[in-house]
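Here the structure is laid out as structure tokens; the discussion comes afterwards.
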Amino acid sequence: MGKRIRSRRRGNGSATWRSPSHRHCGPIKYPQLRELSGRVIDIFHDPGHKAPVARIRLENGQVINMISHEGLTVDQTILIGPNVRAEAGNVTVLREIPEGTSVFNIESHPGDGGQFVRTGGTSAVVVSQGNKTVVQLPSGQFKPFDPMCRATIGIIAGGGRGDKPFLKAGKRSHSLRSIAKKYPWVSGVAMNPVDHPHGGGSHQHIGRPSCVSRHAPPGRKVGHIAPKKRAKARAGKRWG
């Protein structure tokens, strides 16, 4: 019997794989209240995010953390609400943002605080308005959102972080360690058969299909999922 594979060890939740909570500033989400204004009191780096984080004091006294946009300065005023003007740094609903505007930190569902486009130097573009607001993500994918989902106008700060080379493996190891990632990352086909199901062989190959059944349980349903269209075509040929 071989060793437990890396994903199984990581899922155990041991200290080796757990991200240290004391090194992170806390959740970065939009406040629940709709009409608010706030003042930027600090801009700092959080190890868990590639973009700078802005600490904002709202008019009701609450202090929140938000992702910084390019050009943000301390003491700048940020407006949050469905009826604010479309200026860089303001947070409003997608239906009020003109087409062609760059946005980031988009909510998946209204009120969840922001889920999409949060990496430094990236932004999405509002493409069209209607029953759904279509947004082009940094990957090029066109994704429809609920028009009441909130987003921040502008481009995320911190672009170009990946342009500077690490120069030595230790720098890379320390960088990934801050976000609880191991380095170096060895592929399964490069391991021995005792260490991974993909290991061994005369050359680096899996040796069997890597697709996972669509009916697999959640713990195994990772990687390449068996395509539904091809499965239907094969079934039709088999029973036709």
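The values are calculated or read from the model by the stated rules, or taken from the named source; none is laboratory data. Remember, predicted model here, so these are calculated numbers, not experimental data. All Cβ positions, glycine included, derive from the backbone under ideal geometry; neighbour counts span all protein chains shown.
Descriptive notes on the structure:
- Remark: Ser178 falls outside the filter, which requires a residue to be surrounded by fewer than 13 Cβ atoms within 10 Å (Cβ to Cβ), closer than 30 Å to Met66 by Cα and under 20 Å from the mean Cα position of the chain (by Cα).
- Of everything listed in (1) closer than 22 Å to Val63 by Cα; (2) part of a strand (DSSP E or B); (3) in contact with a Gly (Cβ under 7 Å, 6 or more places away or on another chain), the single unmet condition for Ala88 is (2).
- Yes/no for Thr77 being closer than 14 Å to Ala157 by Cα, surrounded by fewer than 20 Cβ atoms within 10 Å (Cβ to Cβ) and without any contact (Cβ under 8 Å) to a residue 60 or more places away in the chain: no
- Any hit, segment 5-26, residues being at pLDDT below 90, more than 22 Å from Lys143 (Cβ to Cβ) and touching a strand residue (DSSP E or B) at 6+ places or on another chain (Cβ under 8 Å): yes
- Given (1) in a strand (DSSP E or B); (2) buried (at least 19 other Cβ atoms within 10 Å of the Cβ); (3) among the aliphatic types (A, V, I, L, M), index of the condition Ala51 fails: (1)
- Every residue from segment 34-48 that is in contact (Cβ under 8 Å) with a residue 40 or more places away in the chain and assigned to a loop (DSSP other than H, G, I, E, B): Arg34, Glu35, Pro47, Gly48
- Checklist (1) surrounded by fewer than 17 Cβ atoms within 10 Å (Cβ to Cβ); (2) within 15 Å of the chain's Cα centre (by Cα); (3) of a type outside the set (Asp, Glu); (4) closer than 12 Å to Ile153 by Cα applied to Ser123, failing item: (1)
- Residue list for segment 54-72, filter: surrounded by 13 or more Cβ atoms within 10 Å (Cβ to Cβ) and among the small types (Gly, Ala, Ser): Ala54, Ser68
Every residue, every condition in (1) surrounded by 11 or more Cβ atoms within 10 Å (Cβ to Cβ); (2) over 24 Å from Gln115 (Cα atoms); (3) within 22 Å of the chain's Cα centre (by Cα), yes or no:
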| position | (1), (2), (3) |
| --- | --- |
| Gly2 | yes, yes, no |
| Arg8 | no, yes, no |
| Gly11 | yes, no, yes |
| Trp17 | yes, no, yes |
| His22 | no, no, yes |
| Pro27 | no, no, yes |
| Pro31 | yes, no, yes |
| Glu35 | yes, no, no |
| Arg39 | yes, no, no |
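- Residue list for segment 196-240, filter: modelled with pLDDT of 85 or more and not in a loop (DSSP other than H, G, I, E, B): Val212, Ile225
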